[in-house]
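Participant: Have a look at the structure that comes next, please.
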Amino acid sequence: MNLYTVTGNYRFHIDSLANSAFGVYVIGGGGWYYRHTDINKKYVVPPFTVCQPIYNWWGFACDSGGFVQTGTIASRGTSSGGMDAGIGFTIKLPSPGWKFFIESRYNYAWSNFIPTTLAPVTFGFRFN
């Protein structure tokens, strides 16, 4: 499964807690979410491999020429609007303006049949 998103967010931050190097922020917003799923049999099988009965047990299919097929069985994508909200923490670094951050956001998109939900944890460096 692949998930593609474009979101806009607002971040409210407190740069220093009690005059320390630690900060905190909340973040939230919304945007567009596209979820794409493939069910495939893209295994490493040499071209023109002759189909044997054991391959059926492993879930492979054979074409009319008696060779193993290794293609996509089903593919579907869904697009919808969604929202995200989260919290993050920062630590000031010795270089002016640079901070290390770690955050987690809960994402929810109103996809067809099954909603898209996830809560990734990200970390990195920020200049502000």
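Participant: Take the stretch 6-40 and flag every residue that is of a type in the set (S, T, Y) and either in contact with a Pro (Cβ under 8 Å, 6 or more places away or on another chain) or at pLDDT 95 or above (or both). Explain how you work it out, then say what you get.
Facilitator: Let us first name the residues in the stretch 6-40 that are of a type in the set (S, T, Y), namely 7, 10, 16, 20, 25, 33-34, 37.
Within the stretch 6-40, T7, Y10, Y25, Y33 meet the criteria.
Participant: Answer yes if at least one residue in the stretch 92-101 is closer than 17 Å to V6 by Cα, at pLDDT 85 or above and under 26 Å from the mean Cα position of the chain (by Cα), and no otherwise. Walk me through it before giving the result.
Facilitator: To start, the set of residues in the stretch 92-101 that are closer than 17 Å to V6 by Cα comprises none.
Scanning the stretch 92-101, I find no residue that is closer than 17 Å to V6 by Cα, at pLDDT 85 or above and under 26 Å from the mean Cα position of the chain (by Cα), so the answer is no.
Participant: Which numbered condition in (1) surrounded by 10 or more Cβ atoms within 10 Å (Cβ to Cβ); (2) modelled with pLDDT of 95 or more is the only one that Y43 fails?
Facilitator: Tallying (1) surrounded by 10 or more Cβ atoms within 10 Å (Cβ to Cβ); (2) modelled with pLDDT of 95 or more, Y43 fails exactly one: (2).
Participant: Related question: Pairs under 9 Å by beta carbon, first residue assigned to a loop (DSSP other than H, G, I, E, B) in the stretch 79-104, partner among the aliphatic types (A, V, I, L, M), six or more apart or different chains?
Facilitator: L93/A21
The values are calculated or read from the model by the stated rules, or taken from the named source; none is laboratory data. Note that the structure is predicted; figures quoted are calculated from it, not measured. Cβ: placed from backbone, ideal geometry, glycine included. Neighbour counts: every protein chain shown.
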